[in-house]
1. So residue A:51 fits all but one of (1) surrounded by 23 or more Cβ atoms within 10 Å (Cβ to Cβ); (2) over 23 Å from residue A:113 (Cα atoms); (3) not hydroxyl-bearing (Ser, Thr, Tyr); what number is the exception?
2. Please list, ordered by residue number, the helices (runs of 4 or more DSSP H) wholly in segment A:126-242 having 1 or more residues that are more than 14 Å from chain B (Cβ to nearest Cβ), crowded, with 20+ Cβ neighbours inside 10 Å and out of contact with any Gly (no Cβ under 8 Å at 6 or more places or on another chain).
3. Name the residue, out of B:388, B:337, B:374, that is without any contact (Cβ under 8 Å) to a residue 60 or more places away in the chain and either in a helix (DSSP H, G or I) or among the hydroxyl-bearing types (Ser, Thr, Tyr) (or both).
4. Being over 30 Å from residue B:38 (Cα atoms), without any contact (Cβ under 8 Å) to a residue 24 or more places away in the chain and crowded, with 23+ Cβ neighbours inside 10 Å narrows it down to one of B:426, B:444, so name that one.
5. Have a look at B:364, B:357 and point out the one that is under 17 Å from residue B:449 (Cβ atoms), among the small types (Gly, Ala, Ser) and surrounded by fewer than 24 Cβ atoms within 10 Å (Cβ to Cβ).
6. If I ask for residues that are buried (at least 24 other Cβ atoms within 10 Å of the Cβ) and assigned to a loop (DSSP other than H, G, I, E, B), which ones from segment B:447-462 would you list?
7. Which of the helices (runs of 4 or more DSSP H) contained wholly in segment A:9-121 include at least 1 residues that are without any contact (Cβ under 8 Å) to a residue 60 or more places away in the chain and either in contact with a Leu (Cβ under 7 Å, 6 or more places away or on another chain) or within 7 Å of chain B (Cβ to nearest Cβ) (or both)?
8. Do you know which residues across segment A:79-119 are under 22 Å from residue A:191 (Cβ atoms) and among the acidic types (Asp, Glu)?
Amino acid sequence: MNWLEALVHLAVVLLVPPLLLGVIQRTKARVAGRRGAPLLQPYYDLVKLLRKDVVLSRTTTWVFVAGPAVAVATAVLASLLVPFGERVAPLSFAGDIVLFAYLFGLGRFFTIAAALDTGSSFEGMGGAREATFSALAEPALFLALLVLVSLRGSLSLSGLVGEDTHILWVTAVAPVALACLSLFVVLLAENSRIPFDDPATHLELTMIHEVMVLDHSGPLLGAALWGAAQKLFVQSALLVRILVPLPDGPAPLRWVCFLAAVLALGVVIGIVESTMARLRLRQVPMLLVAASLLSAFGIVLLVR
Amino acid sequence: MSAALALVAVVLAAVSGLPGLVLPRDHVAADRSAALLLALAALCAVAATVSLVPSVPEQTLALPWLVLGERVEVGLDGLSAFFLLPTLGISSVASLYAVAYWPAHAHPRSARRLRLAFGLIAGGAGLVVISRHALAFLAGWEVMALAAFFSITAEDEREGVRRAGFIYLACTRASTLALIGAFALLHAASNGFALKALPGLDPFACRALFGLALVGFVLKAGAMPLHLWLPGAHAMAPTHVSAVLSGMLLKIGIYGIVRFASLLPPLAVSDGVFVLVLGMASAVLGVAFALGQHELKRLLAYHSIENIGIILMGVGVALLGRSLGHPEVELLGLAGALLHVWNHALFKALLFLGAGSVVRQSGSGELDRLGGLARRLPRTALCFGIGAVAICGLPPLNGFVSELLVYLGLLRAALLSGGALGLLAVSGVAALALVGGLAAACFVKAFGVVFLGEPRTAAAAAAHEAPQGMLVAMAALALACVAIGVAPQLAVPCLEAAARSFDPALGARLGDLAPFGSISLAALALLASLAGMAAWVLRRRLRPTLRVATWDCGYAAPSPRMQYTSSSFAAGLVGLFHWALWPQLDAPRLGRRPFPGTARLHTELPDPVLDRLTLPAARWLAHASTWFRWVQRGRVHSYVLYILVAIVLGFLAARGDLG
């Protein structure tokens with residue numbers, strides 16, 4: 001493992017995710033015909049929140065504080081399993097795909113618990129939705145990764161997407177495309193984007209993530225938003241590494257290409273959000289099951 | 001040496017209730033002596049394991065005096081030791097808990113009987129695990145099963161308890177019947193009752209033997225279609241008994257399956273497929289039913305069905321790997337199943353003990369009558385929270401390690417075998433992923449509704465922390481969960497020894513196949529970063545400038561009753577699974593008047609196998625066989641006559657005189 005690249009990796013996952021949010025927001029504004037907030041607006045928001053005081057509910061306990069903290073810790077740790085610009089991720093072992101999925105599960109557990117800690121029905125509602133939809137997203141994620149596993153014969157993310165991803169597209173276009181589509185649906189669902197949830201609204205009954213952090217304030221809200229941005233970034237990075245084979249050049253070139261590709265995916269997410277409406281809640285499970293089925297088709301195509 | 005130590009441990013456990021019979025009825029020393037004897041038994045089991053693992057293959061000890069004319073042996077190998085440890089360990093922790101939870105002076109009527117039966121469960125289960133002879137095995141099995149019946153029915157003045165006990169008794173009789181059939185086949189095949197490997201068994205006898213044993217053992221383990229006794233018994237028994245039922249009694253069924261599979265020659269591929277599919281069905285349906293439960297202990301009981309499913313999935317993978325000749329798949333599946341046996345024993349016992357503390361301190365186990373207990377029972381809440389994270393299979397705790405091993409076994413099976421078996425392994429991975437997501441939803445619900453938010457009733461608001469003894473027991477289990485999660489290498493020698501006694505051909509080293517070092521590293525990194533953040537929060541003294549009421553979107557008078565309930569939390573997922581669960585909803589029609597009257601909403605999730613199938617069938621059978629009642633007239637001498645006639649007929653049949 002290259003220590004320098006590991007440090008760069010850590011710096012990227014700590015610093016770049018808000019920029020991805022900025023890109024998505026700018027894209028949405030441009031498509032809507034507005035000029036939009038500065039690209040760095042999420043950073044200004046975070047700094048502002050970190051300098052504020054905390055207001056806590058009388059009902060809450062340590063779980064309320066643990067929610068955002070665990071969300072950040074798990075997202076950063078999960079990022080160490082995904083190769084960003086490097087060929088092998090800082091932490092890589094056979095079976096790390098399970099750890100990748102379950103780390104986000106841990107973050108989600110504490111986010112929902114923190115929401116329930118407030119005793120408010122709004123936040124209970126958001127937590128229930130998050131639990132329901134993520135339980136359905138989990139098989140879709142695993143099936144999509146299984147397409148890659150059966151093509152590559154490796155059980156670690158670095159083995160799956162670390163090198164020579166163009167070979168995936170050469171050998172099996174259809175299954176890989178289906179898996180990518182499925183991963184994209186999971187990405188939108190897990191990160192509460194349109195068509196699953198609207199991150200721009202704050203007090204409506206059709207919300208998932210924003211309503212769970214409704215009672216967090218100041219640095220706690222900042223940590224929750226930061227963790228959510230990291231999660232979006234890490235899961236986007238995984239999809240980008242499948243979609244975009246990085247050039248075989250020197251390390252800086254690979255990192256620049258990687259970051260450009262992730263931000264380009266942000267533009268795609270922004271366009272999806274601008275052109276689609278939020279689904280009715282009853283239809284969300286159907287879309288998630290459909291995502292599982294897409295990957296299942298991909299696996300069936302690969303059966304020897 | 002180690003076999004003798006194991007025997008001593010089993011005897012100590014079995015007699016742990018005896019001192020209480022001679023001590024005064026309400027003396028605290030009775031409970032303490034039982035806990036002490038069980039702790040000694042657990043220590044002996046640890047010593048036996050340490051002297052056996054990892055070098056000695058097996059130690060046996062002949063007990064010629066036990067049954068006349070039969071050479072009865074007890075023995076300790078890796079597999080026996082692996083199951084003996086949780087058997088006596090969980091019993092000893094639960095008895096420590098019972099000293100405070102079920103003191104003799106508070107339960108003068110049942111304390112002696114329960115203490116005696118509680119020790120006999122552990123002793124019987126221990127005898128099952130170490131016996132190398134079918135009759136000793138059956139004797140231990142019966143002692144364990146009947147002692148469990150008397151423990152479940154400790155509060156037999158309650159109608160629900162009697163009902164649950166009766167259903168358990170019926171199931172355990174059926175299970176023993178199947179096992180007697182299996183042992184009769186074993187005797188026919190090997191011309192003896194010794195539990196020894198049967199290399200040259202013909203495939204048909206092999207399949208019949210495994211099938212009968214599977215029915216008997218799965219009935220005890222409580223996998224999905226044969227789980228009928230499990231939820232009621234776990235919910236109605238005193239909590240330390242529930243912990244032992246779930247933590248170890250179910251596992252004795254798993255031990256039976258693994259032991260029988262190790263004695264038989266490699267089974268047909270279809271047998272492994274069957275066990276794997278059974279495990280998948282049990283895991284998915286168990287957690288789906290758990291989601292709809294309203295009572296904490298019943299919810300935990302359905303999660304036992306789920307976890308037994310995960311264990312059976314691992315066993316199925318191991319059997320498949322053995323039949324197909326893939327030792328690494330076999331080793332990973334078996335190691336995953338066995339480690340999950342330990343892990344489930346630890347975190348499920350922990351959760352039951354936590355639930356007992358909640359019920360004892362707040363007077364109710366109904367989820368929607370609790371709430372806000374994390375402020376009132378902070379230590380119980382912490383322990384229960386650790387158990388909840390562990391049972392969801394989340395890192396950095398122990399459940400993650402064993403589920404990862406099962407995943408690895410399934411993934412390698414998917415890579416190594418194409419076609420139908422590959423697709424089966426793929427669906428196994430998807431099922432396990434779904435189970436993980438559903439379990440997380442269910443436990444965040446249980447933890448949130450019970451411990452977080454505001455108390456929904458006055459009784460919950462008045463609750464306070466459980467006594468010291470109960471907390472110590474829970475803390476010990478929680479520490480063990482963290483220890484296995486952070487340092488799974490500690491369990492590897494025991495796992496490898498058990499795998500070698502399952503199949504001596506297992507040469508592959510577990511340490512090379514499973515990424516234990518990386519798991520430790522990730523777990524430590526996670527704990528360190530969380531500790532760092534906690535230190536930052538504490539040092540900065542994240543003192544809120546304001547403590548206010550939860551933001552209620554402008555509504556002026558929120559009440560605790562308005563919080564999201566457990567039924568509403570689970571409603572979405574229960575609705576998605578309605579095709580399997582058939583939930584019952586009694587919703588009032590509110591009418592069109594502007595001020596509707598009071599209304600009640602009632603939701604319920606009846607168990608389909610028990611409430612919709614078995615009980616109606618049993619009622620029909622009872623009704624149809626009324627004419628047969630004339631044989632049962634309550635006269636003892638006619639019953640003695642029946643026994644005599646049965647024995648004579650059996651004797652004649654055995655001599656061949658009846659043709």
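1. (1)
2. On the way: elements: A:157-161, A:165-171, A:173-190, A:209-212.
Of the helices (runs of 4 or more DSSP H) lying wholly inside segment A:126-242, those with at least 1 residues that are more than 14 Å from chain B (Cβ to nearest Cβ), crowded, with 20+ Cβ neighbours inside 10 Å and out of contact with any Gly (no Cβ under 8 Å at 6 or more places or on another chain) span A:157-161, A:165-171, A:173-190.
3. On the way: B:337 fails: without any contact (Cβ under 8 Å) to a residue 60 or more places away in the chain; B:374 fails: without any contact (Cβ under 8 Å) to a residue 60 or more places away in the chain.
Only one candidate qualifies: B:388.
4. Numbers: B:444 fails: without any contact (Cβ under 8 Å) to a residue 24 or more places away in the chain.
The unique qualifying residue is B:426.
5. Values: B:357 fails: surrounded by fewer than 24 Cβ atoms within 10 Å (Cβ to Cβ).
Exactly one residue qualifies, and that residue is B:364.
6. Hits for segment B:447-462 are B:452, B:453, B:456.
7. On the way: elements: A:17-31, A:41-50, A:62-79, A:96-117.
Helices (runs of 4 or more DSSP H) meeting the threshold: A:17-31, A:62-79, A:96-117.
8. A:96
Quick note: the coordinates plus some simple rules give every number you see, no bench work behind them. Every value quoted in this text rests on a predicted model; they were computed, and no experiment measured them. With ideal geometry, Cβ positions are generated from the backbone for all residues, glycine too; neighbour counts draw on all protein chains shown.
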